[in-house]
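S.K.: Have a look at this one before I ask anything.
The numbers here are math on the coordinates, done by the rules we state, and not lab data. Just so it is clear, the model here is predicted, and its values are computed rather than measured. In this analysis, Cβ positions are derived from the backbone assuming ideal geometry, glycine residues included, and neighbour counts consider all displayed protein chains.
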């Protein structure tokens with residue numbers, strides 16, 4: 001479904017990704033783990049067109065997408081739910097969801113998806129007219145995921161959805177991710193919570209300083225001692 | 001004139017000036033909200049509108065067609081400005097964009113001068129009379145110029161429509177979203193270029209109406225007529241809460257009320273009815289707040305605004321979001 005082939009990405013003169021390759025197959029939940037600054041978010045930002053690779057290519061169902069604009073990539077069904085939630089705080093919950101469907105034209109489908117999102121997140125439906133900025137951290141994360149769902153993702157890029165949440169909420173976020181997968185959405189999940197991410201993933205990649213250093217089935221990675229070492233940045 | 005009439009008169013003045021400030025200020029705020037660009041050439045769009053109307057009416061083009069030419073022409077200049085001058089430097093530092101806006105303003109002013117010279121017109125041209133905006137309306141001892149009433153009604157009407165647009169349509173919501181977080185808006189599949197062009201187009205449209213009303217009030221047009229209004233609109237937007245559309249509206253009316261208040265109070269000594277007011281009050285006004293003081297209005301306005309910004313740095317409606325932006 002998604003094929004990243006040997007990409008180099010720079011922030012100005014600083015190289016953030018060095019020859020990163022990864023594959024996400026239809027229906028999979030793939031975890032991309034690694035310590036802070038390893039390049040996980042950069043990878044997602046490059047897929048969604050916010051950054052451009054200097055080398056290498058990204059193809060989606062065989063179509064090259066690394067020169068497309070972000071809003072066109074969304075229309076293809078690749079939806080990026082960014083780190084730090086990035087909800088529109090001055091807009092209401094409903095307005096945030098409506099903008100999630102900004103690229104959609106089918107009114108009936110939008111309405112159906114909204115019901116679907118409310119079913120997934122009952123808390124949001126109670127707060128439809130509330131200003132999004134006044135929601136709790138957990139609710140904001142639900143809204144960010146719900147808003148991404150409004151874009152009809154075929155491939156959902158989730159960046160640190162558990163960041164800054166209380167342990168109980170982290171549990172429910174991982175729960176939700178599994179439920180989204182069950183609905184047939186392919187997911188590329190970036191997480192610092194490596195063990196929990198691998199627990200629900202089919203396969204995983206480990207990143208260190210801009211490179212993929214390990215890739216295996218999630219079950220195999222869970223028992224691989226190198227993962228722990230990589231995750232702690234080789235400090236052990 | 002009775003005290004009530006004096007009060008009403010000043011109220012209408014304030015609302016009509018405030019509407020003009022607000023019409024210009026929302027254009028500045030929309031663009032600033034999304035691009036962090038202070039577009040000082042925005043005032044020159046008013047000037048362009050006034051000139052298109054002037055030349056069209058001088059060529060005896062019927063008023064409705066002249067007004068349509070004015071609106072369409074100004075919107076085209078606004079959109080072109082974004083495409084040619086601002087889009088290429090969108091990733092440049094804010095200072096570069098600010099300087100560019102001054103350059104754009106100069107180019108528009110000089111082009112107007114050239115066209116005037118080519119049309120063998122002086123630098124300052126009398127604005128052709130528009131019949132339905134001419135003269136005054138008298139109700140009792142209250143006298144209000146028609147253009148003031150028109151500014152008030154048209155201004156409030158357009159601001160109402162703008163409010164409908166930004167709260168009810170997806171494009172309008174996208175605009176508010178883009179102002180809050182441009183990148184997140186992109187990730188929603190929002191075409192940010194389309195949103196930015198829309199902001200420039202709406203801003204230019206509102207500026208064209210404001211430019212027309214301003215020219216009618218002033219009676220003349222000249223190439224730097226946009227400078228004072230854009231400065232006032234900038235101040236209005238800042239005190240309201242820069243970057244927010246509602247802030248620009250609130251700021252526009254607040255600035256106008258403050259100006260009118262500071263003009264009206266010093267004149268009170270001559271207005272207060274001598275029969276019912278104690279002489280000491282009247283002499284207080286005449287001694288300490290004489291009518292001549294109103295020429296220092298702007299100085300007092302700015303002192304008050306400085307205090308306002310000390311107390312509320314984000315403006316009247318300002319909130320500071322996580323990036324420390326207002």
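S.K.: For the stretch A:166-233 and the stretch A:40-73, what is the separation of their C-alpha centers, rounded to whole Å?
M.R.: About 22 Å separates the Cα centre of the stretch A:166-233 from the one of the stretch A:40-73.
S.K.: Rounded to the nearest 500, what is chain A's calculated 222 nm mean residue ellipticity when only DSSP H runs of at least 4 contribute -39500 (n - 2.57) each, over all residues? Show your work: numbers first, answer last.
M.R.: Details: 10 runs with 91 residues, N = 236.
So the calculated ellipticity at 222 nm is -11000 deg cm²/dmol.
S.K.: So, one more: Report the residue, chosen from B:22, B:96, B:275, that carries the largest GNM mean-square fluctuation when chain B is represented by alpha-carbon nodes joined by springs under 10 Å.
M.R.: B:275
S.K.: Turning to a different aspect of this structure: For chain B, what is the mean residue ellipticity at 222 nm derived from helices alone (per DSSP H run of n ≥ 4: -39500 (n - 2.57); sum divided by total residues; nearest 500 deg cm²/dmol)? List each step's numbers first, then the result.
M.R.: On the way: 13 runs with 225 residues, N = 326.
One gets -23000 deg cm²/dmol as the mean residue ellipticity at 222 nm.
S.K.: To continue, here is another question. Under the classification rounded if a/c is under 1.5, otherwise prolate if a/b is larger than b/c and oblate if not, where does the stretch A:117-236 fall, given a ≥ b ≥ c as square roots of the Cα gyration tensor eigenvalues?
M.R.: Verdict is prolate for the stretch A:117-236.
S.K.: Compare B:25, B:204, B:119 in a GNM of chain B, Cα atoms joined below 10 Å, and give the one with the largest fluctuation.
M.R.: Looking only at B:25, B:204, B:119, the largest GNM fluctuation is found for B:119.
S.K.: Can you give me the angle between helix B:192-218 and the longest principal axis of chain B, using Cα atoms only, in degrees from 0 to 90, rounded to the nearest 10?
M.R.: 30 degrees
S.K.: Of B:165, A:174, how do they rank once you tally other Cβ atoms within 10 Å and put the fewest first?
M.R.: B:165, A:174
S.K.: Can you tell me which of A:146, A:137, A:12 moves the most in a GNM of chain A? Springs connect C-alpha atoms under 10 Å apart.
M.R.: Its mean-square fluctuation being the largest, the pick is A:12.
S.K.: Going by C-beta contacts inside 10 Å, put A:205, A:60, B:288, A:10 in order with the fewest on the left.
M.R.: B:288, A:10, A:60, A:205
S.K.: If the convex hull of the alpha-carbon atoms of the protein assembly as shown is projected onto planes in all directions, what is the mean projected area in square nanometres?
M.R.: The orientation-averaged projected area of the Cα hull of the protein assembly as shown comes to 32.3 nm².
S.K.: State, as an integer percentage, the relative contact order of the stretch B:153-273 based on alpha-carbon contacts under 8 Å between residues 6 or more apart.
M.R.: Averaging sequence separation for qualifying contacts and normalising by length gives 11 percent for the stretch B:153-273.
S.K.: Restricting to the stretch A:136-236, what percent of DSSP beta bridges are antiparallel, rounded to 5?
M.R.: 55 percent
S.K.: Something else: Out of all DSSP beta bridges with both ends in the protein assembly as shown, state the antiparallel percent to the nearest 5. Don't skip to the end; give the middle numbers.
M.R.: Numbers: 27 of 46 bridges.
Of those bridges, close to 60 percent are antiparallel.
S.K.: Got the relative contact order for the stretch A:91-208 handy, in percent, Cα pairs under 8 Å and 6 or more residues apart? Walk me through the numbers before you get to the answer.
M.R.: Details: 112 pairs, mean separation 31.5, N = 118.
The value is 27 percent.
S.K.: When only C-alpha pairs under 8 Å and at least 6 residues apart count, what is the relative contact order of chain B, in percent?
M.R.: 32 percent
S.K.: Between residue A:168 and residue A:13, what is the spin-label point distance in nm, taking each point 7 Å from the Cα along the Cα→C-beta axis?
M.R.: 5.1 nm
S.K.: What do you get for the angle between helix B:170-180 and the principal long axis of chain B? Use alpha-carbon atoms, 0 to 90 degrees, nearest ten.
M.R.: So the inclination is approximately 80 degrees.
S.K.: Ranking B:81, B:225 by Cβ neighbours within 10 Å, fewest first, what do you get?
M.R.: Lowest count first: B:225, B:81.
S.K.: Within 10 Å of each Cβ of A:42-54, how many other protein chain Cβ atoms are there on average?
M.R.: The mean count of partner-chain Cβ atoms within 10 Å per residue comes to 1.
S.K.: Further question on the same structure: Report the FRET efficiency, 1/(1 + (r/R0)^6), for residue B:302 and residue A:106, where r is their Cβ-Cβ distance and R0 is 51 Å, rounded to 0.05.
M.R.: 0.45
S.K.: Then there's this: Using DSSP, restrict attention to beta bridges with both residues in chain A and report what percent are antiparallel, rounded to the nearest 5. Numbers along the way, then the final one.
M.R.: Numbers: 21 of 40 bridges.
For chain A, the DSSP antiparallel bridge percentage is about 50.
S.K.: Assuming R0 = 30 Å, can you tell me the calculated FRET efficiency for the pair residue A:55 and residue B:103, based on Cβ-Cβ distance, to the nearest 0.05?
M.R.: Working: r = 38 Å, r/R0 = 1.25.
Between residue A:55 and residue B:103 the formula returns 0.20.
S.K.: What average count of beta carbons from other chains do you get within 10 Å of the Cβ of residues in B:189-197?
M.R.: Mean number of neighbouring Cβ atoms from other chains: 4.
S.K.: Rounded, prolate or oblate: which fits chain B, taking a ≥ b ≥ c as square roots of the Cα gyration tensor eigenvalues, rounded meaning a/c under 1.5, else prolate when a/b beats b/c?
M.R.: Here chain B falls in the oblate category.
S.K.: Also, I was wondering about something else. Would you mind getting me the FRET efficiency between residue B:137 and residue B:3? Use the beta-carbon distance for r and R0 = 25 Å, nearest 0.05. Each step should come with its number before you reach the end.
M.R.: Values: r = 20 Å, r/R0 = 0.82.
For residue B:137 and residue B:3, the calculated efficiency is 0.75.
S.K.: Testing the spin-label approximation: label points 7 Å from Cα along Cα→Cβ at residue A:21 and residue B:113. State their distance in nm.
M.R.: Each label point is offset 7 Å from its Cα along the Cβ direction, giving 6.4 nm.
S.K.: Other chains' Cβ within 10 Å of A:99-107 residues: what's the mean?
M.R.: Values: counts 11, 3, 3, 11, 5, 2, 0, 0, 0.
Per-residue shielding by partner chains comes out at 4.
S.K.: Angle check, please: helix B:42-58 long axis (alpha carbons) against the longest principal axis of chain B (alpha carbons), in degrees 0 to 90, nearest 10.
M.R.: 80 degrees
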